[in-house]
Amino acid sequence: MASLDRVKVLVLGDSGVGKSSLVHLLCQNQVLGNPSWTVGCSVDVRVQDYKEGTPDEKTYYIELWDVGGSIGSASSVKSTRAVFYNSVNGIMLVHDLTNKKSSQNLYRWSLEALNKDSSPTGVIVSNGDYDREQFAENPVPLLLIGTKFDQIPENKRSEVLTRTAFLSEDFNAEEINLDCTNPRYLAAGTSNAVKLSRFFDKVRNPEFCHMTGFTDRKRFNFKSLHYD
Amino acid sequence: MSFVVDSVIMFTSQVLFFGFGWLFFMRQLFKDYEVRQYIVQVVFSITFAFSCTMFELIIFEILGALSSSSRYFHWKFNLYVILLVLIFVVPFYIGYFVVSNIRLLQRQKLLFACMVWFTFMYFFWKLGDPFPILSPKHGILSIEQLISRVGVIGVTLMALLSGFGAVNCPYTYMSYFLRNVTDSDILALERRLLQTMDMIVSKKKRIAMTRRQMYQRGEDQNKQTGFWGMIKSVTSTQTGSENLSLIQQEVDALEELSRQLFLETVDLQATKERIEYSKTFQGKYFNFLGYFFSIYCVWKIFMVKFWSQHISFILVGIIIVTSIRGLLITLTKFFYAISSSKSSNVIVLVLAQIMGMYFVSSVLLMRMSMPLEYRSIVTEVLGELQFNFYHRWFDVIFLVSALSSILFLYLAHKQAPEKHMTL
């Protein structure tokens, strides 16, 4: 069971969806008070305990690389951004639940990042179109995160959650829906926290997780998506 | 009967312009956002449609298409509508959306929006005082009062943009100015950027580790009792947090450096792409145009009279098309740079306002470039404004803008090569 010395996870998504707030929440366990534009890439480090309380307990650092910008940026910005996509162990795709276009753009974001991955296990997509089979074989673990959950009115929630369930199937990834200004969504013991630590385990130990595989993705139980 | 036919033609063309504005809004400006309030899209498309119709009327005037009475009617109609939109509709909606973004004022949105609009009207009216734009025989509520003020704002904007554009366009496209950028320059900069990111990561790991140790020690501290325990807790925490703030300062400095390196790399990549573009056929064509227009712009800066009115009219036509295209492109870039999902509505409306004022004052200024026989309709429709004032004002602002752009670009050009070039 090989584990990695350096664990790098990309946080991708459109401008303004809340990537910087999310990264701050994950790494500092605090809400970001004054979000501002991310120029280039901002990195933060999350301390993750593996097998806490057992003799095998280890502390890992997970680097979260929050890459700023929009998918429609100039090609000079895109080529510069590509230097951040090297040797990536996992990708967090962030979209705004109140903005459908940010969810649609995630296909293009994932292709941009996976196309540029220069490590030998990177997915090479030839024609730039979305192909579900290649996402199914993709060895880089993906996690789908929907933000601004609190801004969706009650009557629209099931519609939004159905849409994100389709999205998570397309990406072959787990999904988490939260509000970055409220730490309770990721409190210990919630299903969100469980999904998050499972994702980080996959990122750290890629071969181990290939053995266990994705077994219980398809249970979308709407009640468990609330924090409690 | 011909009036009805003419009106149908005008209406069809207006619908076409409206459709074009609608598509531009959806496909370009609001590509990454969701349109939640359709009123914004409608207002933008209406402003665009009526602005383009004004240019169309000028062209009809010169070509002699449609009958002159229906042309006159449509001129007046168009003018009233566009003034209504620019002075009442757009500012009111800008105020409304700005107020909606501020949480404190949510409840009395309409009231505050009206207050904002009255403030705008006050400053708009005051604008006319220092400028000698009206002859004294006009009443206070005449159409000339409104046009003159819209004209002043629009002309200033036009002159600023034209001055900058006249200097920037040759600078951008002429290969003489393109700095020589090689692949190794870009790779070296990218390597520095990644090294900086790695340093940031390692320092943040240290901070996280130190914080964790302090937290764990903090737990142990609570168990320690006695005199020595207290002393130890005070001293060790102090060094811990001092260290932390020192590393944090280093991290802040490195993050600022990484941002600068990122922007410089983007700049180099853009220059490299421009060099590659200049080697293509399209690039060479625009390079030639760049030389041509730079000569025309220099001539415009230093000379005043025209040697042939009709040639200048053709150039006016070209300038209309390229300036509309250039304006739309500039507005789009500006919009991408500063908008967010909250402020996108406000920004689009501001852009619509600028666009409308720009087009109205284009018509005012174009009067100078039009052959004499066609100037009369413009003079008749727009009333007796002091047109000469506008032309002089435009020339002054154009000159100021062009000279400051030259200075600015000279400084930027001089500074850049020292940073990137490998010796």
- Answer yes or no as to whether A:Ser70 is of a type in the set (Gly, Ala, Ser) and away from chain B (no Cβ under 11 Å). no
- Looking at (1) surrounded by 15 or more Cβ atoms within 10 Å (Cβ to Cβ); (2) closer than 30 Å to B:Ser343 by Cβ, can you tell me which one B:Tyr38 breaks? (1)
- Note on the structure: Of the residues in the stretch B:238-281, those that are in a helix (DSSP H, G or I), more than 25 Å from the chain's Cα centre (by Cα) and free of Cβ contacts under 8 Å to residues at least 24 places away in the same chain come to B:Gln238, B:Thr239, B:Glu242, B:Ser245, B:Leu246, B:Gln249, B:Asp252, B:Ala253, B:Glu256, B:Glu276, B:Phe281
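For (1) more than 26 Å from B:Phe123 (Cα to Cα); (2) in contact with an Asp or Glu (Cβ under 9 Å, 6 or more places away or on another chain), each residue gets a yes or a no:
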site: B:Val5; (1), (2): yes, no
site: B:Phe20; (1), (2): yes, no
site: B:Val40; (1), (2): no, no
site: B:Ser70; (1), (2): yes, yes
site: B:Val99; (1), (2): no, no
- If we scan the stretch A:128-138, do we find a residue that is under 16 Å from the mean Cα position of the chain (by Cα), at pLDDT below 75, assigned to a loop (DSSP other than H, G, I, E, B) and not hydrophobic (A, V, I, L, M, F, W, C)? yes
- Within the stretch B:86-97, is even one residue without any contact (Cβ under 8 Å) to a residue 40 or more places away in the chain and closer than 18 Å to B:Gly154 by Cβ? yes
- Scanning for something basic (Lys, Arg), modelled with pLDDT under 85 and not in a loop (DSSP other than H, G, I, E, B), does the stretch A:162-181 turn up at least one residue? no
- Item | Residues of the stretch A:51-73 classified as surrounded by 14 or more Cβ atoms within 10 Å (Cβ to Cβ) and either modelled with pLDDT of 75 or more or under 19 Å from the mean Cα position of the chain (by Cα) (or both), total | 12
- Taking B:Arg71 and the conditions (1) surrounded by fewer than 19 Cβ atoms within 10 Å (Cβ to Cβ); (2) basic (Lys, Arg); (3) more than 24 Å from B:Asn101 (Cβ to Cβ), which numbered condition does it fall short on, given that it satisfies the others? (1)
- Which of (1) at pLDDT below 80; (2) in a helix (DSSP H, G or I) is the odd one out, the single condition B:Thr422 does not satisfy? (2)
- Task: Give the residue that is nearest to the other protein chains (Cβ to nearest Cβ), with candidates limited to residues of the stretch A:1-14 that are surrounded by fewer than 19 Cβ atoms within 10 Å (Cβ to Cβ) and small (Gly, Ala, Ser).
- Result: A:Ser3
- Of B:Phe88, B:Phe120, B:Phe77, the only residue that is modelled with pLDDT of 80 or more, in contact with a Pro (Cβ under 7 Å, 6 or more places away or on another chain) and surrounded by fewer than 19 Cβ atoms within 10 Å (Cβ to Cβ) is B:Phe120
- Query: Could you count how many residues in the stretch B:4-31 are part of a helix (DSSP H, G or I) and either of a type in the set (Lys, Arg) or on the phi > 0 side of the Ramachandran plot (or both)?
  - Reply: 1
- Given (1) in contact with a strand residue (DSSP E or B) (Cβ under 7 Å, 6 or more places away or on another chain); (2) of a type in the set (Val, Ile, Thr); (3) modelled with pLDDT of 80 or more, B:Ile133 misses just (3)
- Task: State whether the residues of the stretch B:189-199 include one that is within 30 Å of B:Trp393 (Cα to Cα) and at pLDDT 80 or above.
- Result: no
- Task: Filter the stretch A:20-50 down to residues that are crowded, with 16+ Cβ neighbours inside 10 Å and away from chain B (no Cβ under 13 Å) and give me whichever is farthest from A:Ser87 (Cα to Cα).
- Result: A:Leu32
- Message: Among (1) closer than 24 Å to A:Val7 by Cα; (2) buried (at least 16 other Cβ atoms within 10 Å of the Cβ), there is one condition A:Val194 misses while meeting the rest; what is its number?
- Response: (2)
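The values are calculated or read from the model by the stated rules, or taken from the named source; none is laboratory data. Every value quoted in this text rests on a predicted model; they were computed, and no experiment measured them. Positions of Cβ are generated from backbone atoms using ideal geometry, with glycine treated the same way; all protein chains shown enter the neighbour counts.
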